[in-house]
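Novice: Before I ask anything, let me first share the structure, which is written out below as structure tokens.
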Amino acid sequence: MAFQSPYLASVYEQVEKRNPGEKEFLQAVREVLESLELVVAKEPEFEANGVIERLVEPERQIQFRVSWVDDNGKVQVNRGYRVQFNSAIGPYKGGLRLHPSVNASVIKFLGFEQIFKNSLTGLPIGGGKGGSDFDPKGKSDGEVMRFCQSFMTELSKHIGADTDVPAGDIGVGAREIGYLFGQYKRLRNEFTGVLTGKGLTYGGSLARTEATGYGLCYFTEEMLSCMKKESFRGKRVVISGSGNVAIYANQKATELGGKVVAMSDSGGYVYDENGIDLAVVKQLKEVERARISEYVKRVPTATYTPGCKGIWTVPCDIALPCATQNELDEEGAKALVANGVIAVAEGANMPSTPEAVAVFRQNGVLFGPAKAANAGGVATSALEMSQNSMRYGWTFAEVDAKLKDIMVNIFHNAYDAAEKYGDAGNLVAGANIAGFEKVARAMIAQGIAY
Ligand code: NDP
């Protein structure tokens, strides 16, 4: 689709020239810019202040060598990244991803999206993201520890509790955060809230582990109730992935009365008409770090199908993609629509391709975009930062109640912004616009550096 605004067209052309071949980053930028057509047309001050061309260029981007020694005494080299995208409304904040698919484009797409997501939470956090092409799968604890220590040795020079506060993402859970935090403390001799997602014995927040999955369901419940007078109760739910987000999305969807009938990992998916037994998934994934295919050995009523994309052919009312980017394509979207899906909400970042999103829109399926629907994780990370600053901790119920309020507000802010700019019901546009406005006004207020 061509841009109507010459300003947006020229900014996007420049982004394409400057970032050749970075397809994930270009996809994320294009989606946001498309949503801003009506905003730049109505409010010329954004163009006059060069806001969008500044917004699409990271404030700082770091790439570094991470060398470490494996269990056989062999030297290994990975590539580390941290993109500090925008600090207009607070310190950079965003996770670290450890996965072989990580490259500059993936980290920049995630960092760019993080700006708007963090703004939507209503909390004072800027946007950033980082990670490495290190693959934690099949590595021993010792190897993961040595990698994390080496990674933090460089990263520690660029982050800080008031500068940039990383968290977990794919491949970075409690174990990795512990090793990273330990190394930061050793190097700097200071105990600060420099990372979130920490263990509960050393500054972590209750409910952070559950936050993204729970938040996704709070958002979805509000979207269903407000836009369709519906709820999770009695609905069939399909959730892709079986990591942190997927597991706690399953728990909350079930608590709200839904039945989760399928889950997956990068190898394939399991289907269980009786409802997925979450205790078995947690044992396999959180304790044994095993494959989802093992599930059928423990639950005989279930079936396993190799290949993760087939999960979208399982009939359901609500689909929650919670694995990775571009995992739900046009074909998957059409299969969901043919089977009568009423709502799709994104737990993962950019899991639906633009073609899939178009299919949902054309067929009147409620669609909760990642920036809004999965913001519960970073929101609770910001609550962890507040607790660290106060040197005080809230109870699980207190954090969970704040999380729920934040998710309900995010839904309404996105919904209202879409309506205000004449695109009622389009939460993709609404989330982008609501997230953008606050950051853009802060950038204008803070001037341009000469
Ligand atoms: P985890 O590492 O805990 O789990 C990732 C899950 O996705 C695993 O089941 C993994 O399977 C699967 N997966 C990874 N890559 C692929 C792939 N190429 N194809 C199919 N499945 C794949 O990560 P999280 O649950 O933390 O993150 C999942 C998504 O949610 C990511 O997009 C992340 O950016 C996003 N997110 C996470 C937040 C958080 O708080 N953790 C916050 C906001 C967003 P396998 O084990 O086989 O690799």
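The values are calculated or read from the model by the stated rules, or taken from the named source; none is laboratory data. Keep in mind that what you see is a predicted model, and the values were worked out from it rather than measured. FYI the Cβ positions are ideal-geometry reconstructions off the backbone, even for glycines, and counts take in every protein chain you see. Each accessible area value is taken on the protein alone, full model and side chains, heavy atoms only, with ligands, DNA and RNA left out. Shrake-Rupley method; radii C 1.70, N 1.55, O 1.52, S 1.80 Å.
Novice: Inspect all residues belonging to the stretch 38-47 and state whether any of them is of a type in the set (Gly, Ala, Ser), open to solvent by 30 Å² or more (accessible area, probe 1.4 Å) and more than 30 Å from residue 387 (Cβ to Cβ). Talk me through it step by step, then tell me what you get.
Specialist: To start, the set of residues in the stretch 38-47 that are of a type in the set (Gly, Ala, Ser) comprises 41.
Checking the rest, the ones that are also open to solvent by 30 Å² or more (accessible area, probe 1.4 Å) come to 41.
If we keep only those that are more than 30 Å from residue 387 (Cβ to Cβ) too, we end up with 41.
Yes, the stretch 38-47 contains at least one residue that is of a type in the set (Gly, Ala, Ser), open to solvent by 30 Å² or more (accessible area, probe 1.4 Å) and more than 30 Å from residue 387 (Cβ to Cβ).
Novice: Can you tell me how many residues within the stretch 301-322 are crowded, with 21+ Cβ neighbours inside 10 Å, within 15 Å of the ligand (Cβ to nearest atom) and in a strand (DSSP E or B)?
Specialist: The number of residues fulfilling the criteria is 3.
Novice: Right, residue 330: more than 15 Å from residue 363 (Cα to Cα) and of a type outside the set (A, V, I, L, M, F, W, C) or not?
Specialist: Values: more than 15 Å from residue 363 (Cα to Cα): no; of a type outside the set (A, V, I, L, M, F, W, C): yes.
The answer is no for residue 330.
Novice: Are any residues in the stretch 25-37 in contact (Cβ under 8 Å) with a residue 40 or more places away in the chain, within 25 Å of residue 130 (Cβ to Cβ) and open to solvent by less than 20 Å² (accessible area, probe 1.4 Å), and if so, which ones?
Specialist: 25, 28, 29, 32
Novice: Further question on the same structure: Between a first residue in the stretch 66-92 that is within 18 Å of residue 194 (Cβ to Cβ) and a second residue that is in a loop (DSSP other than H, G, I, E, B) and of a type in the set (S, T, N, Q), which pairs have beta carbons less than 8 Å apart while being 6 or more apart in sequence or on different chains?
Specialist: Taking only residues 6 or more apart or on different chains, the pairs are 91/163; 92/163.
Novice: Would the stretch 221-233 turn up any residue that is closer than 27 Å to residue 430 by Cβ, within 16 Å of the ligand (Cβ to nearest atom) and either under 19 Å from the mean Cα position of the chain (by Cα) or among the basic types (Lys, Arg) (or both)? It would help to see each step written out before you state the result.
Specialist: So in the stretch 221-233, the residues closer than 27 Å to residue 430 by Cβ come out as 221-233.
Filter again for within 16 Å of the ligand (Cβ to nearest atom), leaving none.
Within the stretch 221-233 (the criterion being closer than 27 Å to residue 430 by Cβ, within 16 Å of the ligand (Cβ to nearest atom) and either under 19 Å from the mean Cα position of the chain (by Cα) or among the basic types (Lys, Arg) (or both)), the answer is no, since none of the residues qualifies.
Novice: Could you look through the stretch 106-134, keep only residues that are in contact (Cβ under 8 Å) with a residue 40 or more places away in the chain and of a type in the set (A, V, I, L, M), and pick out the one that is most open to solvent (accessible area, probe 1.4 Å)? Explain how you work it out, then say what you get.
Specialist: To start, the set of residues in the stretch 106-134 that are in contact (Cβ under 8 Å) with a residue 40 or more places away in the chain comprises 106, 108-134.
Now drop any that are not of a type in the set (A, V, I, L, M), which leaves 106, 110, 115, 120, 123, 125.
Working: 106: 2, 110: 3, 115: 3, 120: 10, 123: 37, 125: 2 Å².
Residue satisfying both the conditions and the ranking: 123.
Novice: Considering (1) in contact with a strand residue (DSSP E or B) (Cβ under 8 Å, 6 or more places away or on another chain); (2) within 22 Å of residue 211 (Cα to Cα), say which one residue 120 fails and leave the rest.
Specialist: Every listed condition holds for residue 120 apart from (1).
Novice: Follow-up. Based on this model, can you work out whether residue 73 counts as out of contact with any Leu (no Cβ under 8 Å at 6 or more places or on another chain) and open to solvent by 10 Å² or more (accessible area, probe 1.4 Å)?
Specialist: Details: out of contact with any Leu (no Cβ under 8 Å at 6 or more places or on another chain): yes; open to solvent by 10 Å² or more (accessible area, probe 1.4 Å): yes.
When the stated conditions are applied, residue 73 passes them.
Novice: Here's a check for you: in the stretch 234-266, which residue that is assigned to a loop (DSSP other than H, G, I, E, B) and open to solvent by less than 50 Å² (accessible area, probe 1.4 Å) is nearest to the ligand (Cβ to nearest atom)? Even if it seems obvious, please write down each step before you answer.
Specialist: Residues of the stretch 234-266 that are assigned to a loop (DSSP other than H, G, I, E, B), as a first pass: 234-235, 241-243, 256-258, 265-266.
If we keep only those that are open to solvent by less than 50 Å² (accessible area, probe 1.4 Å) as well, we get 235, 241-243, 256-258, 265.
On the way: 235: 22, 241: 4, 242: 4, 243: 2, 256: 19, 257: 23, 258: 19, 265: 3 Å.
Result: 243.
Novice: Picking from 197, 160, 168, which residue would you name as being assigned by TED's automatic domain parsing to the domain that holds residue 97 and within 15 Å of the ligand (Cβ to nearest atom)? Talk me through it step by step, then tell me what you get.
Specialist: Working: 197 fails: assigned by TED's automatic domain parsing to the domain that holds residue 97; 160 fails: within 15 Å of the ligand (Cβ to nearest atom).
Every option except 168 fails the conditions.
Novice: Could I ask something else about it? Which ones in the stretch 135-187 are buried (at least 21 other Cβ atoms within 10 Å of the Cβ) and of a type in the set (S, T, N, Q)?
Specialist: 150
Novice: Right, another one. Can you tell me which residues in the stretch 334-345 are in contact with a Cys (Cβ under 9 Å, 6 or more places away or on another chain) and within 16 Å of the ligand (Cβ to nearest atom)?
Specialist: Listed by number, the list holds a single entry, 345.
Novice: Further question on the same structure: Can you tell me which residue in the stretch 77-96 is farthest from residue 174 (Cα to Cα), limited to those that are in contact with a Gly (Cβ under 9 Å, 6 or more places away or on another chain) and open to solvent by 10 Å² or more (accessible area, probe 1.4 Å)?
Specialist: First, the residues of the stretch 77-96 that are in contact with a Gly (Cβ under 9 Å, 6 or more places away or on another chain): 80-96.
Next, only the ones that are open to solvent by 10 Å² or more (accessible area, probe 1.4 Å) stay: 81, 87-92.
On the way: 81: 20, 87: 26, 88: 29, 89: 28, 90: 25, 91: 22, 92: 21 Å.
The selected residue is 88.
Novice: Another one. Looking at the stretch 280-297, which of its residues are in a helix (DSSP H, G or I) and surrounded by 13 or more Cβ atoms within 10 Å (Cβ to Cβ)?
Specialist: Step one: filter the stretch 280-297 for residues in a helix (DSSP H, G or I), giving 280-287, 292-297.
Answer for the stretch 280-297, where residues must be in a helix (DSSP H, G or I) and surrounded by 13 or more Cβ atoms within 10 Å (Cβ to Cβ): 280, 281, 282, 283, 284, 285, 286, 292, 293, 294, 295, 296.
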